[in-house]
Amino acid sequence: MDYKGFKKSDNKIIENYNLEEIRGLIVDNTWQIEVGMDEIITNYIKPEKKDVFKRIILNSSIMPLGSKIKILSNIDGFEKKIISNIQRLTSIRNAFVHIQVNENVSINLNKISFNSQNKEDDKVTSKSWQTMDVMNSNGVIITKQTTDLAKEFFQLYTPTKSFLNNFGDI
């Protein structure tokens, strides 16, 4: 992918990205999934004016991602697992775009003695992480670790993108 003047990150560890970078990666990768979906739909429909079909009919303002998923569900040979992956990727993307990230702090106080001679016994540890309150398909709100959602996204992204890229070759 050409980043047109933007420096591509060489970071490979999710925990090392900041929230804005993760959001951007998730939005960009979901867009790449949608482009692959558009290509498959266009090749399946075989419109006379391909560019117009893609630019207008498949425009996200006219045809949302959910509608494109329904079209793919009706194409012979398109795996149901990939449909499920795309739905989950979209759900995670929506969480990162629309849901506030909460900061939480957990403090673990070890044995503290004001008269202690051993500083190791007086150690106070704390850990900070971020969570998101995400509604599941049953309408129940569940608190999820932000990094866990990001990891799930990227685990689903790779095989889904690969399938979309190779669908016409199957």
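The residue that is farthest from I71 (Cα to Cα), among those in region 26-39 that are free of Cβ contacts under 8 Å to residues at least 60 places away in the same chain and either in contact with a Phe, Trp or Tyr (Cβ under 6 Å, 6 or more places away or on another chain) or of a type outside the set (F, W, Y) (or both), is D28. Against the numbered list (1) under 15 Å from the mean Cα position of the chain (by Cα); (2) at pLDDT 95 or above, E20 comes up short only at (2). Of all residue pairs spaced 6 or more apart or on separate chains, those with beta-carbon atoms under 7 Å, a first member in region 40-63 that is in contact (Cβ under 8 Å) with a residue 24 or more places away in the chain and a second member that is part of a helix (DSSP H, G or I) and among the aromatic types (F, W, Y) are I40/F167.
Could you list, in sequence order, all residues of region 1-53 that are hydroxyl-bearing (S, T, Y) and in a helix (DSSP H, G or I)? If the condition is that a residue be hydroxyl-bearing (S, T, Y) and in a helix (DSSP H, G or I), then T30, T42, Y44 are the ones that fit.
Has region 24-39 got at least one residue that is of a type outside the set (A, V, I, L, M), more than 18 Å from the chain's Cα centre (by Cα) and surrounded by fewer than 16 Cβ atoms within 10 Å (Cβ to Cβ)? First the steps, then the outcome.
Our first condition is that a residue be of a type outside the set (A, V, I, L, M); within region 24-39, this holds for 24, 28-32, 34, 36, 38-39.
Restricting the remaining residues to those that are more than 18 Å from the chain's Cα centre (by Cα) gives 38-39.
With surrounded by fewer than 16 Cβ atoms within 10 Å (Cβ to Cβ) added as a condition, the list becomes none.
No; the residues of region 24-39 include none that is of a type outside the set (A, V, I, L, M), more than 18 Å from the chain's Cα centre (by Cα) and surrounded by fewer than 16 Cβ atoms within 10 Å (Cβ to Cβ).
Screening region 91-170 for strands (runs of 3 or more DSSP E) wholly inside it with 2 or more residues that are surrounded by 11 or more Cβ atoms within 10 Å (Cβ to Cβ) and modelled with pLDDT under 75 returns the ranges 101-109.
Total residues in region 57-88 satisfying the condition of being assigned to a helix (DSSP H, G or I) and of a type in the set (S, T, Y): the figure is 3.
Which residues, counting only those in region 131-170, are out of contact with any strand residue (DSSP E or B) (no Cβ under 7 Å at 6 or more places or on another chain), over 30 Å from N43 (Cα atoms) and of a type in the set (A, V, I, L, M, F, W, C)? Before you say what the answer is, go through the steps one by one.
Residues of region 131-170 that are out of contact with any strand residue (DSSP E or B) (no Cβ under 7 Å at 6 or more places or on another chain), as a first pass: 137-140, 147-148, 150-170.
If we keep only those that are over 30 Å from N43 (Cα atoms) too, we end up with 137-140, 147-148, 150-151.
Hits for region 131-170 are V140, A150.
Exactly one residue out of D28, D38 is modelled with pLDDT of 95 or more and among the acidic types (D, E), and it is D38.
The values are calculated or read from the model by the stated rules, or taken from the named source; none is laboratory data. Keep in mind that this is a model prediction, so the values were computed, not measured. Don't worry about glycine lacking a Cβ; one is built from the backbone with ideal geometry, like all the others, and counts go over all protein chains shown.
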